[in-house]
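One structure below.
The values are calculated or read from the model by the stated rules, or taken from the named source; none is laboratory data. Quick caveat, the model's predicted, so the values are computed rather than measured. Every residue, glycine among them, receives a Cβ derived from its backbone with ideal geometry; neighbour counts consider all protein chains shown.
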């Protein structure tokens, strides 16, 4: 009788891509997938913040209690961080798994993730990732093309990386050439990115993004709208540079969807610095924010900065986070309103609610389409008719 397994994922889309590859390898090795009675529980972990690491530990404890006889194997960033340390749970740590190219098995929605790059040597002062992921390592373009060709019945490829700026820095290739090769040598219908770092955005990249096969969505992790805080973060760019890149990206299409990550409460962030960030976001073409309260990570430069400059009180972090979240909701609402009365090619996903099925539009914006048929995994033209509770609704034109 073959052993059973189940894989759980925490963290970023790079982690998700690795989790899919782990799952694929387990299935190909003859293991059976079972969430109800697993002999082996694999957990791909995250340690980017103290909260993320705590959630992983809590999850491990719950699974140990639920399945006392199962073998629990933890990989990913938290496992690397825990190497050589005693963890108060009976688990096996295998560190950061070496991921080989191979066939991904993903969801019925016709999308999958492919990791194109790992590691980072930029050492932003708040970030623990370079210490856990190591030096930049890129897949060769020919390997990525082969991987895409081996995937069956997939409409959209989502390329993921720890830092897109560093793709090809170790092998002489570059991101724009990768995109061109994918468009020229594969028949994939939709190509998108988990995130794109600001220094990856240049004239050549914007030009290749004009292809109708590329999803008009940019998640650009800017982190702050204050030059002083960006310098303390060791981000190596200024706010004015970001403004210029956002303007170029928006020229692709008025409905290009732009999101970002912002950290509030970084050591040394005054109310004036925060207001600079608020004003920058308010005036920018960014429509969705992911807000993080600064979480110091031992061993990073940010840990020392907090000791030197002092910590921003948690109550202030919470208040600033709430202000930006409210701004983000208003901006997202305004952005969604611009879709009403327009038609889009949409990828139908698995999720349904009553007579509606979830889709992703050409710019990665989610919507709900009224239909009696199940179109999951198909790309079909839809019309957007109204907006309710920050959700777009529409139908398939007759």
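Just a few scattered comments:
- Listed by position, the helices (runs of 4 or more DSSP H) enclosed by segment 139-253 that each have at least 1 residues that are under 22 Å from the mean Cα position of the chain (by Cα) and under 30 Å from residue 311 (Cβ atoms) are 227-232, 239-250.
- Residues in segment 37-73 that are outside any helix (DSSP H, G or I) and within 21 Å of residue 295 (Cβ to Cβ): 43, 44, 45, 46, 47, 48, 49.
- Qualifying residue in segment 316-336 (condition: over 26 Å from the mean Cα position of the chain (by Cα) and farther than 16 Å from residue 215 by Cβ): yes
- Selection of first residues in segment 374-391 that are modelled with pLDDT under 95 and of second residues that are loosely packed, with under 14 Cβ neighbours inside 10 Å and in a loop (DSSP other than H, G, I, E, B), restricted to Cβ pairs under 8 Å at least 6 apart or on distinct chains, gives the following pairs, ordered by first then second residue: 376/108; 377/108; 377/153.
- From the list 292, 280, the lone residue that is outside any helix (DSSP H, G or I), in the same structural domain as residue 121 (by TED's automatic domain parsing) and surrounded by 14 or more Cβ atoms within 10 Å (Cβ to Cβ) is 292.
- Test for residue 348: is it touching a residue at least 40 places away in the same chain (Cβ under 8 Å), surrounded by 13 or more Cβ atoms within 10 Å (Cβ to Cβ) and more than 21 Å from the chain's Cα centre (by Cα): no
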